[in-house]
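For reference, the structure is listed below as structure tokens.
The values are calculated or read from the model by the stated rules, or taken from the named source; none is laboratory data. Bear in mind the structure is a predicted one, so any value in this text is a computation, not a measurement. Here the Cβ positions follow ideal geometry from the backbone for every residue, glycine too, while neighbour counts run over all protein chains shown.
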Amino acid sequence: MISISDVKKIYQSKSGPISAVDGVNIDIGQGEIFGVIGYSGAGKSTLIRMLNGLEVPTNGTVNVNGQIVSKVKGKDLRQARQSIGMIFQHFNLLWSRTVLENIQFPLEIAGVSKKERLRRANELLELVGLDGRGDAYPSQLSGGQKQRVGIARSLANNPDVLLCDEATSALDPQTTDSILDLLVDINKRLGLTIVLITHEMHVIKKICHRVAVMEQGKVVELGDVLEVFRNP
Ligand code: ADP
Ligand code: ADP
């Protein structure tokens, strides 16, 4: 489903080149929940942003569902992105729009009819457990509810892959667990492949099948979660 081959990302900065991702190889299977863990600055968010073309690798290739994301541009890139959903630490909701309007936003961009947009948005609202809150504004919701809206929006175009960028890092432990339960539910129900980055071991242990540990742009360990985090 996802193949990251010999990927490097070098940023140019005033103090010289920064090697953010340095020769990473990862293959992720369909339906897998794959976690990337590491300290701040390890290169996690650069890596996940290369999966949907938000960053372009300096070297190597990123293949998602048969598309070489690292090569496609313009219309093809926009199309590839529709099959890749993403959720964020700070939700990235539009604050002047209601919950239902936020969920419909990607469908609007994809040119889906008004009637179909509304039908789909209501279906997604139910899927994430927010029935009845469609007319609320994000500011009226708790953090966990905001992330549920983020998840519903990310699923609007029926993606094959969901990318989660520190999706629970702004939430308290109890809310984190309920969001992680929802992700597992979606993974099982829709067969969605999930790639998440986090600095929290608990998140990896709770829902991931496999994990890569990143340090200074490199993958220093990769394997089944139970294997990588076994007690000595
Ligand atoms: P993480 O997500 O693990 O915290 P990042 O991918 O954000 O790691 O960052 C990896 C390294 O790349 C860090 O040293 C960071 O300062 C640097 N970096 C990230 N984005 C940029 C950028 N746009 N320009 C320059 N350096 C960057
Ligand atoms: P939180 O920390 O609760 O997530 P933030 O202030 O970080 O809230 O905002 C979350 C997201 O919503 C950010 O991506 C930000 O750009 C966006 N945002 C915040 N305020 C507005 C606004 N008035 N209109 C549109 N977008 C907004």
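In the list Leu94, Leu100, which residue meets the criterion of being of a type outside the set (Ser, Thr, Tyr) and away from ligand 2 (no atom under 12 Å from the Cβ)? Just a single option satisfies the conditions, and that option is Leu100.
With respect to being out of contact with any Leu (no Cβ under 7 Å at 6 or more places or on another chain) and within 16 Å of ligand 2 (Cβ to nearest atom), Leu141 fits the description. Where helices (runs of 4 or more DSSP H) fall entirely within the stretch 123-232, those with at least 1 residues that are small (Gly, Ala, Ser) and closer than 26 Å to Ala80 by Cα are at 143-154. Applying the criterion of being aliphatic (A, V, I, L, M) and part of a loop (DSSP other than H, G, I, E, B) to the residues of the stretch 60-84, the residue that is farthest from the chain's Cα centre (by Cα) is Val72.
The sole residue among Ile18, Ile87, Ile26 that is aliphatic (A, V, I, L, M), out of contact with any Phe, Trp or Tyr (no Cβ under 8 Å at 6 or more places or on another chain) and not in a loop (DSSP other than H, G, I, E, B) is Ile87. Look at the stretch 196-216: where a residue is closer than 14 Å to Gly29 by Cα and among the basic types (Lys, Arg) and a partner is within 16 Å of ligand 1 (Cβ to nearest atom) and in a strand (DSSP E or B), sitting 6+ places away or on another chain with Cβ atoms under 7 Å, you get Arg210/Phe34.
Among the residues of the stretch 10-31, those that are without any contact (Cβ under 8 Å) to a residue 40 or more places away in the chain and either within 11 Å of Gly217 (Cβ to Cβ) or in contact with a Pro (Cβ under 8 Å, 6 or more places away or on another chain) (or both) comprise Tyr11, Ile18. For Leu226, the conditions (1) surrounded by fewer than 16 Cβ atoms within 10 Å (Cβ to Cβ); (2) touching a Ser or Thr at 6+ places or on another chain (Cβ under 9 Å) all hold with the exception of (2).
What residue, among those in the stretch 63-91 that are surrounded by 14 or more Cβ atoms within 10 Å (Cβ to Cβ) and among the charged types (D, E, K, R), is farthest from ligand 2 (Cβ to nearest atom)? Applying the filter and picking the extreme gives Lys71. In the set (1) in contact with a strand residue (DSSP E or B) (Cβ under 6 Å, 6 or more places away or on another chain); (2) without any contact (Cβ under 8 Å) to a residue 12 or more places away in the chain; (3) at positive phi, Gly66 fails one condition alone, (1). Among the residues of the stretch 125-136, is any out of contact with any strand residue (DSSP E or B) (no Cβ under 8 Å at 6 or more places or on another chain) and within 16 Å of ligand 2 (Cβ to nearest atom)? Among the residues of the stretch 125-136, at least one is out of contact with any strand residue (DSSP E or B) (no Cβ under 8 Å at 6 or more places or on another chain) and within 16 Å of ligand 2 (Cβ to nearest atom), which makes the answer yes. For the stretch 174-181, check the following and say yes or no: at least one residue is within 24 Å of Gly43 (Cβ to Cβ), surrounded by 15 or more Cβ atoms within 10 Å (Cβ to Cβ) and either of a type in the set (Phe, Trp, Tyr) or within 16 Å of ligand 1 (Cβ to nearest atom) (or both). Among the residues of the stretch 174-181, not one is within 24 Å of Gly43 (Cβ to Cβ), surrounded by 15 or more Cβ atoms within 10 Å (Cβ to Cβ) and either of a type in the set (Phe, Trp, Tyr) or within 16 Å of ligand 1 (Cβ to nearest atom) (or both), which makes the answer no. Checking Gly60, Gly43, Gly35 one by one, the residue that is surrounded by 15 or more Cβ atoms within 10 Å (Cβ to Cβ), near ligand 1 (Cβ under 8 Å from one of its atoms) and modelled with pLDDT of 95 or more is Gly43 and no other.
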